[in-house]
Amino acid sequence: MALDQKTVARIARLARIRLTPEVSEKTLPGLNRVLGFIEQLSNINTQGVEPMVSVSATTLRLRDDIVNDGNCRDAVLANAPETIAGFFVVPKVVE
Amino acid sequence: MTDLCKLTIAEALEGMDKKKFSASELTEAHIKACEGARGLNAFITESFDVARGQAKASDARRAEGKALPLDGIPMAIKDMFCTKGVRTTAGSKILGNFVPQYESTVTAKLFADGAVMLGKANQDEFAMGSSNITSAFGPAISPWKRADGKPLVPGGSSGGSAAAVAANITMGATGTDTGGSIRQPAAFCGIVGVKPTYGRCSRWGIVAYASSLDQAGAFARSVKDAGLLLGAMAGFDEKDSTSANLPVPDFAAAARRGVKGLRIGIPKEYRVSGMDADIVAMWEKGAGWLKDQGATIVDVSLPHTEAAVPAYYIVAPAECSSNLARYDGVRYGLRDAALGDDLDDLYEKSRAAGFGEEVRRRILVGTYVLSAGYYDAYYLKAQQVRALIARDFAKAFESCDALLTPTAPTPAFALDESPDDPVTMYLNDVFTIPASLAGLPGMSVPAGLSAGGLPLGLQILGKPFDEETVFAVAGAVESAAAFGGRK
């Protein structure tokens, strides 16, 4: 199934990547090429096969329920594009 | 004095122990070599001052008789590994100014063993590529030359790491391998590259691409050196929930074991159409070398091989679309917003400005295959195919101890021959991706030259957590090939 511009716009919106009409136009053939390629898996019989989520067969460990990190606010904020008084800053979200 | 940059790691350690030269002299020689090879664009960030400090500390330890296992060895660190206080970009504009406040487990372990960091190696953006051309910092170039003189790609994604080791400007390097990103560049650059079993090295502090596949590994100019590096990098880490709690074997010692009595499988499905005749011949020669050293060659079948690349290009983009959601222009990384923009504008514009074309494509593919109505048809299906591929390997290993295959279907190509078609580029990893999906250890060893004089690699694949057999087979291929490196 080939994607159209409308679907690309929907996916781009879900992925929070703004596509200008020009970029969207340029992106479409590559996307369809990849989707056409992966489509071939539909020919493989996988009936009754348990999906493989991870190669590590064991269940994930739980760590001890103790505080072992923290008190590093400045390090956490060190790479933020904008901070004020120990907070990340984003555009106003409440009207 | 001998050229310090041409020594192996094992030779350099011995030379320093015998006081023939100091760690500082070794590091200065490599810094000079790095400066002379800037045309390769092997580094995104040089860290010569860090290296000088580490070398000085190394000399002090050795003077006190307290030398560490890798004390004074100058390395390149792929820019996927977070290094405290040293910019870490993952080859992306979106992390162009990112300076980690913490150290990845793998680099911390290397530094705890005395390794010296010359710089952060160039790579494809977020490790998505097979040529290093998707780097936001320009492509790295292979030190190898073809007769027509065109600049060649070093392979990818760990292209800068491989180019640096092959050019003798670092003694070893770290890499990450999600679908072949260590093994393919090692083959293209005529060096050794090892990806251990998934879970052998901690992923903590490595920029995430596809978490169920990402695994750290090492580049070096000999199998033994690769073993020394991997031994330092591997080991259990509480901070990675998929880290394996197993003792770390002596990989370097395993390289000398020999192959007498081992059964080496040759998977018939790896004889793909369009493969260079040189590579087919090299593969047969490699099997002959192992037979001559006492191994038995057996034919095996991995029936779902052809499905591996398409399955990978569902699983990896799906995981990438989720992992890369963290780049939001708020907490770290590039921000692009104008006055009056709302939060969604900020997200969408920052991500559009920060991600390159290939990364954007994989995020979009991943978002699509995970989206409502398509999840079962694509993602679940790919996970089922992944299970079949893993089952194929398990079955093959009932009749053999390791597999021998080519690493890549062609030798290195020129920068200006890089395919525009994404699928053609993806198929470069046709021999490396299946083992990644199954989580198996793999290594590429240089085995000879193509008719055009470019290096060709053979890949050895092993059972889960049996890297020792992989090293044994690799050691046998290395000694028979007598490759000798770049002239």
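Throughout, read-outs are computed from the coordinates displayed, never taken from laboratory work. Please read these numbers as outputs of a predicted model, since none were measured by experiment. For neighbour counting, all protein chains shown are included, and Cβ atoms are generated from backbone atoms with ideal geometry for every residue, glycine included.
The table below lists the values:
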read-out: Mean residue ellipticity (222 nm) of chain B, computed from DSSP H runs ≥ 4 via -39,500 (n - 2.57), nearest 500; value: -11500 deg cm²/dmol
read-out: Choice from A:V34, A:V53, A:V67 showing the highest fluctuation, given a GNM over chain A with Cα pairs closer than 10 Å; value: A:V67
read-out: Exposure rule at most 15 other beta-carbon atoms within 10 Å, DSSP loop GluC sites (Glu not before Pro): chain B longest free segment; value: B:65-237
read-out: Lysines with Cα under 29 Å of B:K349, excluding same-chain neighbours fewer than 8 positions away; value: A:K6, A:K26, A:K92, B:K78, B:K84, B:K93, B:K120
read-out: J(HN,Hα) series, segment A:9-23, from Karplus relation 6.51 cos²θ - 1.76 cosθ + 1.60, nearest Hz, glycine and proline x; value: 4, 5, 5, 4, 5, 4, 7, 6, 10, 6, 10, 5, x, 5, 5
read-out: Residues whose placed amide H lies under 5 Å from that of B:T296, excluding near-sequence neighbours; value: B:G261, B:L262, B:R263, B:I264
read-out: Positive dipole terminus of segment B:248-302, leading residue within B:F251, B:V272, B:W283 (C-beta point charges); value: B:F251
read-out: Charge dipole magnitude, Cβ of K and R +1, D and E -1 - the protein assembly as shown, Cα centre, debye nearest 20; value: 720
read-out: Qualifying trypsin sites (Lys or Arg not before Pro) in segment B:11-82, DSSP loop, other Cβ atoms within 10 Å at most 11; value: B:K18, B:K19, B:K66
read-out: Kirkwood Rh, Cα atoms: Rg over Rh of the protein assembly as shown; value: 0.96
read-out: Sequence-distant residues sharing a close amide H with B:L152 (under 5 Å, placed H); value: B:S142, B:L415
read-out: Reachable lysines from B:K268, criterion Cα separation under 22 angstrom, eight or more residues apart if same chain; value: B:K285, B:K291, B:K395, B:K463
